[in-house]
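So the structure is just underneath, and the comments pick up after that.
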Amino acid sequence: MAAARIHPLAQVDPAARIAEDVEIGPFCVVGPNVSLGPGCRLIAQVHVGGHTTIGARTVVYPQAVLGMPPQSFKYGGGPTRLVIGADCTIREGVTMSTGTEDGGGVTEVGDHGLFMAYSHVAHDCRVGHHVVFANNTTLAGHCEIGDHVFIAGLSALHQFTRVGAGAMIAGMSGIRGDVIPFGLADGRPARLVGVNVIGMKRRGYTAEACAAARKAYFMLFRGSGSLEERVAATEAALGAEPVVAQILAFIRARGKRPLCRAARADATDEE
């Protein structure tokens with residue numbers, strides 16, 4: 001395995017755990033409690049501090065700041081962590097914080113993520129695999145983002161918000177409620193405007209699965225009765241379809257935020 005290539009103008013603490021083939025460019029700063037996996041590249045002017053682990057082959061661009069203390073009054077200065085997965089691309093000016101003691105102590109980012117310029121992952125967030133955060137996407141603390149989520153530019157998510165797998169959030173959206181898996185959300189505040197069928201097709205879902213997700217959406221957000229009644233009716237009609245089962249499980253899990261409601265909502269969509 002090739003030896004690590006560390007530019008003479010970089011500052012790397014001797015206690016940092018650096019894989020043999022890591023590349024660290026000029027003016028980077030790497031703290032003592034940092035671990036960089038095989039094939040990682042810090043292009044230049046990257047600051048990695050705190051108790052931070054970065055997975056294999058992740059590439060970090062200039063002015064990114066990873067593993068700094070969380071922007072939270074509740075943080076007590078403890079050795080909380082940031083864990084970033086493998087094969088991520090972290091572009092210019094991205095910031096990701098460590099966790100807080102009362103929020104689980106760790107901020108987690110999955111594999112194969114693309115984080116465009118100046119996006120932000122706050123303390124205690126859980127971000128899945130294969131996500132795309134466009135420019136200036138901002139997560140407040142404790143957000144949970146599923147796999148294959150796409151968040152367009154200048155969007156912001158309220159703390160404790162959940163976004164289910166396969167969902168898409170349009171640009172300049174303000175997310176104050178949980179977005180169901182495969183949901184398509186838009187607006188300030190955001191509302192559901194349908195199902196992310198294009199994203200589902202790109203990931204290989206069948207026409208039948210896409211149709212079932214769309215039918216479930218209309219039953220859940222356009223049907224009559226209470227939310228519990230609509231969930232029960234949707235399960236009875238479509239629960240055997242895995243994508244529908246995933247949506248129903250997400251709704252039943254009930255996070256700290258309300259569900260993101262549908263655009264042109266009926267009175268029944270107030271949950």
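If you run the Gaussian network model on the chain, springs between alpha carbon atoms under 10 Å, then out of A233, A140, A86 the most flexible one is A233.
Report the normalised scattering of segment 5-200 as log10 I(q)/I(0) at q = 0.10 Å⁻¹, calculated by the Debye formula with identical scatterers on the alpha carbons. Taking Cα atoms of segment 5-200 as identical point scatterers yields -0.38. Using a Cα-Cα cut-off of under 18 Å, which lysines could be cross-linked to K215, ignoring same-chain neighbours fewer than 8 residues away? Leaving aside lysines fewer than 8 places away in the same chain, those within reach of K215 are K201.
Of all DSSP bridge pairs formed entirely within the chain, close to 10 percent run antiparallel. Loop-located chymotrypsin sites (Phe, Trp or Tyr not before Pro) in segment 26-107 (DSSP state not H, G, I, E or B) with no more than 16 neighbouring Cβ atoms inside 10 Å: F27, F73. Take the alpha carbon gyration tensor of segment 52-149, find the square roots of its eigenvalues, order them as a ≥ b ≥ c, and report rounded if a/c is under 1.5; if not, report prolate when a/b exceeds b/c, else oblate. Prolate, since a/c reaches 1.5 and a/b exceeds b/c.
Once you order the gyration tensor axes a ≥ b ≥ c over the Cα atoms, which shape class does segment 204-269 get: rounded for a/c under 1.5, otherwise prolate or oblate by comparing a/b with b/c?
On the way: a/c = 1.63, a/b = 1.45, b/c = 1.12.
Since a/c reaches 1.5 and a/b is larger than b/c, the shape of segment 204-269 is classed as prolate.
Shape of segment 15-58 from its Cα gyration tensor (a ≥ b ≥ c, root eigenvalues): rounded if a/c is under 1.5, otherwise prolate when a/b > b/c, or oblate?
Oblate, since a/c reaches 1.5 and b/c is not below a/b.
Each Lys and Arg contributes +1 and each Asp and Glu -1, all at the Cβ; summed about the Cα centre of the chain, the dipole is approximately 480 debye.
Taking V59, V48, V149 as the candidate residues, the one with maximal mean-square fluctuation in a Gaussian network model of the chain, Cα springs under 10 Å, is V59.
The angle between the Cα long axis of helix 242-253 and the main principal axis of the chain comes to about 80°, on a 0 to 90 degree scale.
The angle between the Cα long axis of helix 227-238 and the main principal axis of the chain comes to about 90°, on a 0 to 90 degree scale. Charges on Cβ only, +1 for Lys and Arg, -1 for Asp and Glu, centred on the Cα centroid of the chain; of M168, G39, C125, which one is farthest towards the dipole's positive end? Farthest along the dipole direction, towards plus: M168.
Annotation note: trypsin sites (Lys or Arg not before Pro) in segment 23-107 located in DSSP loop regions with a Cβ neighbour count of at most 12 within 10 Å are K74.
Each stretch of four or more DSSP H residues adds -39500 (n - 2.57); spread over every residue of the chain, this sum gives -5000 deg cm²/dmol at 222 nm. Projecting the Cα atoms of A212, A262, A233 onto the charge dipole of segment 204-269 (Cβ charges, centred on the Cα centre) puts A262 farthest toward the positive pole. Bridges between two residues of segment 82-230, per DSSP, are antiparallel at a rate of about 15%.
Could you size up the charge dipole of segment 204-269 around its Cα centre, putting +1 on the beta carbon of Lys and Arg and -1 on that of Asp and Glu, and report it in debye to the nearest 20? Walk me through the intermediate numbers first.
Numbers: 10 positive and 7 negative charges, 68 e Å.
Using Cβ point charges on Lys, Arg, Asp and Glu, segment 204-269 gives about 320 debye.
Bear in mind these aren't lab numbers, they're just calculated from the coordinates by the rules spelled out. Note that the coordinates shown come from a computational prediction; the quantities given were computed from them, not determined experimentally. Neighbour counts run over all protein chains shown; Cβ positions are idealised from the backbone, glycine included.
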